[in-house]
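Colleague: Structure incoming, see below.
The values are calculated or read from the model by the stated rules, or taken from the named source; none is laboratory data. As the structure is a prediction and not an experimental result, all values here were calculated from the model. Neighbour counts are summed over all protein chains in view; Cβ atoms, including those assigned to glycine, are modelled from backbone coordinates with ideal geometry. All accessible areas refer to the heavy atoms of the entire protein, side chains included, with ligands and DNA or RNA removed. Shrake-Rupley method; radii C 1.70, N 1.55, O 1.52, S 1.80 Å.
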Amino acid sequence: MTGFEPDLVQALSERQGFAFELIAQAWDGMIQGPIDGKYDAVVDAISVTPARQELIGFSLNYTTGGSAFVTVNETGLTLPERPGPGGPCG
């Protein structure tokens with residue numbers, strides 16, 4: 001669970017009065033799991049799309065981040081350091 005901070009969920013659960021259990025889940029079950037009743041909530045970087053909004057409810061973003069391409073230096077590829085909107089990756 002890279003980037004996930006269980007202490008934040010613990011603090012939230014104490015403030016809101018609920019218990020939680022962390023369950024590792026494959027990506028393909030992130031949307032279907034709550035629908036099937038396997039768990040009540042998902043904390044992950046799931047993009048909000050109209051199709052997903054028809055199936056599940058989304059909170060406001062709890063974090064913002066970005067994606068990056070990563071290569072080893074020896075590939076010979078040159079990747080832009082920070083592509084902007086309308087650029088090769090944005």
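Colleague: Can you tell me which residues in region 34-65 are over 21 Å from Leu8 (Cβ atoms) and outside any loop (DSSP other than H, G, I, E, B)?
Modeller: Scanning region 34-65 gives Ile35, Pro50, Ala51, Arg52, Gln53.
Colleague: Here is a follow-up. Based on this model, can you work out whether Gly17 counts as modelled with pLDDT under 65 and open to solvent by less than 90 Å² (accessible area, probe 1.4 Å)?
Modeller: Criteria not met by Gly17.
Colleague: Of all residues in region 29-40, how many are at pLDDT 85 or above and either of a type in the set (Asp, Glu) or loosely packed, with under 10 Cβ neighbours inside 10 Å (or both)?
Modeller: Residues flagged as at pLDDT 85 or above and either of a type in the set (Asp, Glu) or loosely packed, with under 10 Cβ neighbours inside 10 Å (or both) within region 29-40 amount to 2.
Colleague: Mind checking which residues of region 1-24 are over 12 Å from the mean Cα position of the chain (by Cα) and assigned to a loop (DSSP other than H, G, I, E, B)? Outline the logic, then answer.
Modeller: Of all residues in region 1-24, those over 12 Å from the mean Cα position of the chain (by Cα) come to 5-24.
Passing the criteria: Glu5, Gly17, Phe18, Ala19, Phe20, Glu21, Leu22, Ile23, Ala24.
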